[in-house]
Amino acid sequence: MDLIKNNIYQIEIEDIGNDGSGIGHIDGMAVFVKDTAIGDVANVRITKVTKKLAYGHLEEMLVPSPYRVEPVCAHAKRCGGCTLQHIAYEKQLEYKWHKVYGCLKRIGRVDNLEEIMETPVYGMEYPYHYRNKAQFPVGRDRDGNVIIGFYATRSHDIIDSDVCPIGDSINDKIIPVIKRFITEKNISTYDETTGAGLVRHVLIRVGKTTGEVMVCLVLNGHELPFADYLTNELRKLSDDERRIVSICLNINMDNTNRILGDTCVTLWGQDYITDCIGNVRYEISPLSFYQVNPTQTRALYDKVLEYADLNGNEIVWDMYCGIGTISLFLAKSAKQVYGVEIVPDAIEDARRNAEINGISNVDFFVGKAEEVVPDIYSKGGDGAYADVVVVDPPRKGCDAALLSTLVAMSPKRIVYVSCDPATLARDICILSRDGYELENAAVVDQFCQSTHCESVALVVRAVE
Ligand code: SAH
């Protein structure tokens, strides 16, 4: 049966797409339906049919899913952030496990997965207020009022919102102060269509273990009028739990979707905040990547340490090391750790972090992992050998040139930290053609209420 546009069909939702839409099947054809949950039985009107899939609009709910819950946030339906808030947390975790399982099976071609994958997912006891970083777009509504909040799903329309249930509670105090400041001092806000206007975004970072807070205004310009007034107002917000220690500007004059520009200027206080994972202290500057859910990062890194199975004599490589968080976390259990990262500022942070923690058995390199590591390997000096390699690439996964160098370096174990199960599975399939096999995998929920899915896999060299 071919699906016909505008016709209504009954469907049961069985899965969730990357944008949080429900997915059901009609005669084997996948149909994506917004605002549905796994377990819903509904009538949907088909709005678009392509060769491989279709889209439908929810017309009538026949039997609501038993996994549906009332979202905590009033904006959950429109906001692009928490696309799973209407689904019970236990079910969210189950969905993520099956997502990783499905990718490893279909794309990774791993067949004894039931024995390999850890169950259940490492989830949070309280999956709210976990984020340590928030980026709020700033703009104006049709009447010219200042609005600060979040982008609606798949758009750049700003939903005005002072509170966010997954953000830190200090955000809810900072945003109204900035909104009042922009309104009272009549400061312009950035307009994406014209490229005019000054204030683009507010970035807030919190060190959850130290209580240190950074507020950073992203400007389409070099100066903020009445900056002293704003810093004084913001400093008054510090309380027993949260201390504002850094107020800065980031300059982004480009007409681009990228939130941050390359230059930061400190208006008041430090140019970084401090946070701890386990007993390692990290200093984090505005531009550096830092995991957004510190509680779960600890769980993730503990899993990395467990899979790395170090006895103190190993040479370890940490590919895509960011500010050296994993490198330093592993350093105390290894003989020597090498890290590589593309962002120069992050490597500066990594080196400083090694120093403030008194860790001397680490060395960091700036550059693309797929260029730096093959180069070091071909020269055959320090760093050309590894017992254990950790990779933690961005969503697109590891570059093929890096994977082939890894195989040549022939480490006993590769611990793969992944934020995209599809590329994880692709890379595991590549490694398995070259003498490695998947031995263990775990899903650690870093992005509760969203479809993002973090996992860690242990890939070992098969015995010859
Ligand atoms: N392991 C770190 C960071 C992981 S995020 C942590 O746990 O905090 C991925 C990192 O890879 C980012 O810091 C990004 O800047 C970096 N990156 C992206 N492409 C890269 C490449 N080709 N070579 C090296 N690093 C890269």
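The values are calculated or read from the model by the stated rules, or taken from the named source; none is laboratory data. Values in this document were obtained by computation on a predicted structure and should not be read as measured data. With ideal geometry, Cβ positions are generated from the backbone for all residues, glycine too; neighbour counts draw on all protein chains shown.
Here are the numbers for the structure shown:
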read-out	value
Single condition Val340 does not satisfy, out of (1) in a helix (DSSP H, G or I); (2) near the ligand (Cβ under 10 Å from one of its atoms); (3) of a type in the set (Val, Ile, Thr); (4) free of Cβ contacts under 8 Å to residues at least 40 places away in the same chain	(1)
Residues located in the stretch 444-464, provided they are within 30 Å of Pro165 (Cβ to Cβ) and either hydroxyl-bearing (Ser, Thr, Tyr) or more than 16 Å from the ligand (Cβ to nearest atom) (or both)	Cys448, Gln449, Ser450, Thr451, Ser455
Filter pass, Ile87 being closer than 21 Å to Glu125 by Cβ, among the aliphatic types (A, V, I, L, M) and surrounded by 18 or more Cβ atoms within 10 Å (Cβ to Cβ)	yes
Out of Asp420, Asp427, Asp375, Asp387, sole residue that is at pLDDT 95 or above and within 12 Å of the ligand (Cβ to nearest atom)	Asp420
The stretch 343-372: number of residues that are near the ligand (Cβ under 8 Å from one of its atoms), over 15 Å from Thr274 (Cα atoms) and among the small types (Gly, Ala, Ser)	2
Among the candidates Asp275, Asp262, Asp318, Asp271, residue that is touching a residue at least 60 places away in the same chain (Cβ under 8 Å) and more than 9 Å from the ligand (Cβ to nearest atom)	Asp275
Subset of the stretch 246-270 that is within 22 Å of the chain's Cα centre (by Cα) and of a type in the set (Val, Ile, Thr) - its residue that is nearest to Ile174 (Cα to Cα)	Ile259
Leading residue by the ranking (nearest to Leu93 (Cα to Cα)) among those in the stretch 1-40 that are surrounded by fewer than 17 Cβ atoms within 10 Å (Cβ to Cβ) and in contact (Cβ under 8 Å) with a residue 60 or more places away in the chain	Asp15
Total residues in the stretch 265-291, condition touching a Leu at 6+ places or on another chain (Cβ under 9 Å), within 25 Å of Pro176 (Cα to Cα) and modelled with pLDDT under 95	2
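For (1) polar (S, T, N, Q); (2) in contact (Cβ under 8 Å) with a residue 60 or more places away in the chain; (3) part of a loop (DSSP other than H, G, I, E, B); (4) touching a strand residue (DSSP E or B) at 6+ places or on another chain (Cβ under 7 Å), each residue gets a yes or a no:
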{"site": "Glu370", "(1), (2), (3), (4)": "no, no, no, no"}
{"site": "Thr405", "(1), (2), (3), (4)": "yes, no, no, no"}
{"site": "Leu424", "(1), (2), (3), (4)": "no, yes, no, yes"}
{"site": "Leu438", "(1), (2), (3), (4)": "no, yes, no, yes"}
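Yes/no per residue for (1) touching a Gly at 6+ places or on another chain (Cβ under 9 Å); (2) in a helix (DSSP H, G or I):
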| residue | (1), (2) |
| --- | --- |
| Ile347 | yes, yes |
| Glu355 | no, yes |
| Phe364 | yes, no |
| Pro374 | no, yes |
| Ala408 | no, yes |
| Pro411 | no, no |
